[in-house]
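Novice: This is the structure I have questions about; it appears just below.
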Amino acid sequence: MAIEYMKRSKPEDERALDDANVRSIVETTLSDIERRGDVALRELSQKFDNYAPDSFRLSTSEIEAAMQKVSTRDMEDIRFAQHQIRRFANVQKASMTDVEVESLPGVVLGHRNIPVQSVGCYIPGGKFPMVASAHMSVLTASVAGVPRIVASAPPVEGAPHPAIVAAMQEAGAHEIYVLGGIQAIGAMAIGSESIAPVHMLVGPGNAYVAEAKRQLYGRVGIDLFAGPTETMVIADETVDAELCATDLLGQAEHGYNSPCCLITNSRTLAKETISEIERILKILPTAETASASWRDYGDVVLCDSHEEMLQVANDMTYEHVQVMTDRDDWYLKNMHSYGALFLGPRTNVANGDKVIGTNHTLPTKRAGRYTGGLWVGKFLKTHSYQRVDTDEAAAEIGAYGSRLCMLEGFIGHAEQCNIRVRRYGGTNVPYGAAVE
């Protein structure tokens with residue numbers, strides 16, 4: 001095996017320094033929100049967004065006014081995207097069924113899928129107003145049946161962003177707030193005098209939003225640990241450099257620290273893609289951002305074989321993996337660690353981000369080793385139940401339970417079983433004794 005890096009990104013130790021600074025800022029800010037509530041939220045919003053209204057929650061009339069600013073074509077496009085996403089989410093939900101089985105005569109076991117009771121959905125605004133994030137979080141929570149869906153996005157140029165508000169409303173948000181960054185995450189998770197806290201936080205965001213979710217995990221649930229957008233292209237000589245370069249830069253423009261990686265077994269394709277990226281960066285309107293990501297977080301990995309490419313891809317565990325090879329289905333079968341796969345040259349990550357129907361909130365920073373992305377199932381909690389319907393079953397299970405409790409030294413546990421044996425089985429078992 002001979003893996004060659006034809007271009008390599010910033011070392012891990014330099015990235016760690018950036019992360020430490022973010023952690024400190026987030027910890028201080030969340031503590032301030034918990035201590036001072038609405039006062040802190042207003043100060044933070046004024047400082048970062050120059051926005052401090054009487055209420056951060058939009059009224060019905062304010063929502064309607066914002067939606068009227070959205071063009072007919074844009075509303076049609078939003079509704080088309082939401083139709084695709086809703087349809088796939090409904091199919092996913094249908095795959096999750098409640099179950100019940102009689103495991104022994106008189107013993108009934110089952111589980112129910114119950115929606116999380118309140119969810120806070122963060123929709124990034126910042127440099128790029130991420131309208132699609134409302135579809136991915138709010139709409140999916142709505143399909144799951146969440147009874148209280150809170151949505152928050154930062155103001156854009158001092159006002160609610162009309163298309164984001166429209167997407168939130170159309171997707172089924174019950175409360176819409178105009179708050180961004182750490183203050184939005186803190187408000188939804190910690191609560192304040194005017195905002196009731198939620199049980200779960202979902203949605204992408206910048207490094208500060210991601211770190212705020214990480215620090216609040218446990219106090220509330222979260223969808224996943226999400227860092228900057230990552231994109232990987234796995235390609236062989238069946239595609240050209242223009243396609244590879246376009247797919248890499250299409251995600252690199254997200255932020256200054258969005259990793260992008262090409263894995264290929266073609267030295268020619270690797271060289272030509274590097275040249276093509278330099279060409280596109282000279283004409284790309286978002287080149288300032290994309291070029292920083294490519295410079296500091298771009299990798300080009302040359303491998304000897306598809307097997308080696310697969311190993312590298314699984315080890316790196318990127319969020320978006322675009323596969324364009326002569327054996328795409330082989331990668332689908334054998335890839336095990338990633339966020340989402342985009343198979344073949346006709347598809348692309350942007351379609352997945354905006355409209356095709358799958359969810360774009362995906363694991364980053366190698367979290368794809370142990371979790372998938374946001375989907376309707378993330379909003380459903382699977383809770384088990386059990387019921388014993390007959391005296392005979394109570395006595396039989398109780399006898400086994402008692403002996404197993406005593407094996408571990410739990411006398412009080414054993415007596416819970418024993419009392420059922422005595423009452424329903426007619427056996428005279430002394431207090432605290434294991435059933436024979």
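The values are calculated or read from the model by the stated rules, or taken from the named source; none is laboratory data. None of these values were measured; they are calculated from a predicted model. Backbone-built Cβ (ideal geometry, glycine too); neighbour counts: all protein chains shown. Side chains are part of the model used for accessible areas, which takes the heavy atoms of the whole protein and leaves out ligands, DNA and RNA. Shrake-Rupley method; radii C 1.70, N 1.55, O 1.52, S 1.80 Å.
Novice: Need pairs with beta-carbon distance below 9 Å; first residue within 14 Å of Val209 (Cα to Cα) and basic (Lys, Arg) and within the stretch 19-37, second in a helix (DSSP H, G or I) and open to solvent by 70 Å² or more (accessible area, probe 1.4 Å); sequence gap 6+ or separate chains.
Specialist: Cβ pairs passing all conditions: Arg23/Arg214.
Novice: Can you name the helices (runs of 4 or more DSSP H) wholly within the stretch 122-197 that have at least 1 residues being on the phi > 0 side of the Ramachandran plot and over 16 Å from the mean Cα position of the chain (by Cα)?
Specialist: Working: elements: 131-134, 140-144, 162-171, 181-190.
By residue number, 181-190.
Novice: Provide a single number: the residues in the stretch 121-158 that are free of Cβ contacts under 8 Å to residues at least 24 places away in the same chain and either touching a Lys or Arg at 6+ places or on another chain (Cβ under 9 Å) or among the aliphatic types (A, V, I, L, M) (or both). I'd like the intermediate steps shown before the answer.
Specialist: Let us first name the residues in the stretch 121-158 that are free of Cβ contacts under 8 Å to residues at least 24 places away in the same chain, namely 157.
Next, from what is left, pick out any that are either touching a Lys or Arg at 6+ places or on another chain (Cβ under 9 Å) or among the aliphatic types (A, V, I, L, M) (or both): none.
Number satisfying all stated conditions: 0.
Novice: Answer with yes or no whether Ser384 is touching a residue at least 12 places away in the same chain (Cβ under 8 Å), under 28 Å from the mean Cα position of the chain (by Cα) and farther than 23 Å from Ile234 by Cβ. Before you say what the answer is, go through the steps one by one.
Specialist: Working: touching a residue at least 12 places away in the same chain (Cβ under 8 Å): yes; under 28 Å from the mean Cα position of the chain (by Cα): yes; farther than 23 Å from Ile234 by Cβ: yes.
It is true that Ser384 is touching a residue at least 12 places away in the same chain (Cβ under 8 Å), under 28 Å from the mean Cα position of the chain (by Cα) and farther than 23 Å from Ile234 by Cβ.
Novice: Limited to the stretch 216-235, what total is found for residues that are more than 13 Å from Gly339 (Cβ to Cβ) and surrounded by fewer than 18 Cβ atoms within 10 Å (Cβ to Cβ)? Let's see the steps before the verdict.
Specialist: As a first pass, look at the stretch 216-235 and keep what is more than 13 Å from Gly339 (Cβ to Cβ): 216-222, 233-235.
Checking the rest, the ones that are also surrounded by fewer than 18 Cβ atoms within 10 Å (Cβ to Cβ) come to 217-219.
Number satisfying all stated conditions: 3.
Novice: Which residues, taken from the stretch 285-300, are closer than 22 Å to Thr364 by Cα, in a helix (DSSP H, G or I) and of a type in the set (Asp, Glu)?
Specialist: Step one: of the stretch 285-300, the residues closer than 22 Å to Thr364 by Cα are 289-300.
With in a helix (DSSP H, G or I) added as a condition, the list becomes 289-297.
Hit for the stretch 285-300 is Asp296, nothing else.
Novice: Got a sec? Which of Ser384, Ser337 is closer than 30 Å to Gly145 by Cβ, surrounded by fewer than 23 Cβ atoms within 10 Å (Cβ to Cβ) and small (Gly, Ala, Ser)? Before the answer, list the steps.
Specialist: Working: Ser337 fails: closer than 30 Å to Gly145 by Cβ.
Just a single option satisfies the conditions, and that option is Ser384.
Residues are listed down the side, and each one gets a yes or a no for (1) surrounded by fewer than 24 Cβ atoms within 10 Å (Cβ to Cβ); (2) out of contact with any Gly (no Cβ under 8 Å at 6 or more places or on another chain); (3) over 20 Å from Thr358 (Cα atoms):
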site: Gln117; (1), (2), (3): yes, yes, yes
site: Tyr122; (1), (2), (3): no, no, no
site: Ala141; (1), (2), (3): no, no, no
site: Val150; (1), (2), (3): no, no, yes
site: Ala163; (1), (2), (3): yes, yes, yes
site: Ile176; (1), (2), (3): no, yes, yes
site: Gly180; (1), (2), (3): no, no, yes
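Novice: In the stretch 387-410, what count of residues is obtained for those that are in contact with a strand residue (DSSP E or B) (Cβ under 8 Å, 6 or more places away or on another chain) and either outside any loop (DSSP other than H, G, I, E, B) or buried (at least 19 other Cβ atoms within 10 Å of the Cβ) (or both)? Let's see the steps before the verdict.
Specialist: Quick first cut of the stretch 387-410, residues in contact with a strand residue (DSSP E or B) (Cβ under 8 Å, 6 or more places away or on another chain) only: 387-389, 393-394, 396-397.
Next, only the ones that are either outside any loop (DSSP other than H, G, I, E, B) or buried (at least 19 other Cβ atoms within 10 Å of the Cβ) (or both) stay: 387-388, 393-394, 396-397.
So the count comes out to 6.
Novice: Taking only pairs six or more apart or across chains, which ones have beta-carbon atoms under 6 Å, a first residue in the stretch 192-207 that is more than 25 Å from Asn21 (Cβ to Cβ), and a second residue that is open to solvent by 40 Å² or more (accessible area, probe 1.4 Å)?
Specialist: These pairs meet every condition: His199/Gln117.
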